[in-house]
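Engineer: Pasting a structure below so you can have a look.
The values are calculated or read from the model by the stated rules, or taken from the named source; none is laboratory data. Model, not experiment: these values are computed from the prediction. Positions of Cβ are generated from backbone atoms using ideal geometry, with glycine treated the same way; all protein chains shown enter the neighbour counts. The protein model used for the area step is the full one, side chains on, heavy atoms only, and it has no ligands, DNA or RNA in it. Shrake-Rupley method; radii C 1.70, N 1.55, O 1.52, S 1.80 Å.
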Amino acid sequence: MEKNILVLYESEAGLTRQYAEWIAEELDCQAIPLKDSDLSLLNSADLVVFGGGLRAGRINGLTRFWKLAQARQTLPVIIFTTGASPAKLEYVEKTRQANFGQNDPKPLNFFYFESGMIFERHGLIGKIMKVVFSLMARKNASEPFSGSFDHSKREWIQPLVDFVKSHES
């Protein structure tokens, strides 16, 4: 029997949405924004993949997702996040610890995908961040600041896709 998989996401600049859509394509299921989801969607799912971008080390939408999912406490959940930093092991572990404390629900697995930063899609906050990053880059002349960037790569989702497929049987 094939599992009914649901991909939910919270995306501010579109980078997390892109990863969610790639994952949904590979798993032959739907990618739906968290804001458009409800309990009936979760009730029809056998497994949920939730993704949110990082802001100040916290996964966007994660608290709202857990509130929605609490009615299905036994529902298997896989979490992914996207961020501007490269996916170095120590950074990924720090992100995991910041988002999944002792008393928080635990996902089956957690994945981090490098994406980027599109300052223009973040309104006033983005403009402020762009100025701050520009000033920081001036202090460190070895790393010039080039503005917005997107390092997203479809192939980075493969470990998550493989993990889901290994749990389908």
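Engineer: So, in region 52-80, how many residues would count as being closer than 17 Å to K106 by Cβ and touching a residue at least 60 places away in the same chain (Cβ under 8 Å)?
Structural biologist: 3
Engineer: Could you please let me know if A87 is open to solvent by 30 Å² or more (accessible area, probe 1.4 Å), among the aliphatic types (A, V, I, L, M), within 20 Å of D162 (Cβ to Cβ) and part of a strand (DSSP E or B)?
Structural biologist: Here the answer is no, as A87 does not meet what is asked.
Engineer: Do we have any residue at all in region 130-151 that's surrounded by 13 or more Cβ atoms within 10 Å (Cβ to Cβ), modelled with pLDDT of 80 or more and at negative phi?
Structural biologist: no
Engineer: Another question, if that's okay. Check off (1) under 10 Å from the mean Cα position of the chain (by Cα); (2) among the aliphatic types (A, V, I, L, M); (3) more than 18 Å from G83 (Cβ to Cβ) for A31 and give me the number that stays unchecked.
Structural biologist: Exception for A31: condition (1).
Engineer: Give region 8-19 a look and list any residue that's touching a residue at least 40 places away in the same chain (Cβ under 8 Å) and assigned to a helix (DSSP H, G or I), or say none.
Structural biologist: Answer for region 8-19, where residues must be touching a residue at least 40 places away in the same chain (Cβ under 8 Å) and assigned to a helix (DSSP H, G or I): L15, T16, Q18, Y19.
Engineer: Of all residues in region 73-86, how many are in contact with an Asp or Glu (Cβ under 9 Å, 6 or more places away or on another chain) and closer than 21 Å to A31 by Cβ?
Structural biologist: The number of residues fulfilling the criteria is 4.
Engineer: Can you name the condition, by its number, that I79 falls short on among (1) open to solvent by 80 Å² or more (accessible area, probe 1.4 Å); (2) among the aliphatic types (A, V, I, L, M); (3) modelled with pLDDT of 90 or more?
Structural biologist: Of (1) open to solvent by 80 Å² or more (accessible area, probe 1.4 Å); (2) among the aliphatic types (A, V, I, L, M); (3) modelled with pLDDT of 90 or more, only one is false for I79: (1).
Engineer: Taking region 28-59, which residues are in contact with a strand residue (DSSP E or B) (Cβ under 7 Å, 6 or more places away or on another chain), farther than 23 Å from D162 by Cα and assigned to a loop (DSSP other than H, G, I, E, B)?
Structural biologist: S37
One line per residue, one yes/no per condition, for (1) modelled with pLDDT under 95; (2) open to solvent by less than 20 Å² (accessible area, probe 1.4 Å):
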residue: M1; (1), (2): yes, no
residue: N4; (1), (2): yes, no
residue: S11; (1), (2): yes, no
residue: E21; (1), (2): no, no
residue: E26; (1), (2): no, no
residue: L34; (1), (2): no, yes
residue: D46; (1), (2): yes, no
residue: G52; (1), (2): no, yes
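Engineer: So, one more: Within region 1-38, how many residues turn out to be in contact with a helix residue (DSSP H, G or I) (Cβ under 8 Å, 6 or more places away or on another chain), under 23 Å from R58 (Cβ atoms) and among the polar types (S, T, N, Q)?
Structural biologist: Total meeting the criteria: 2.
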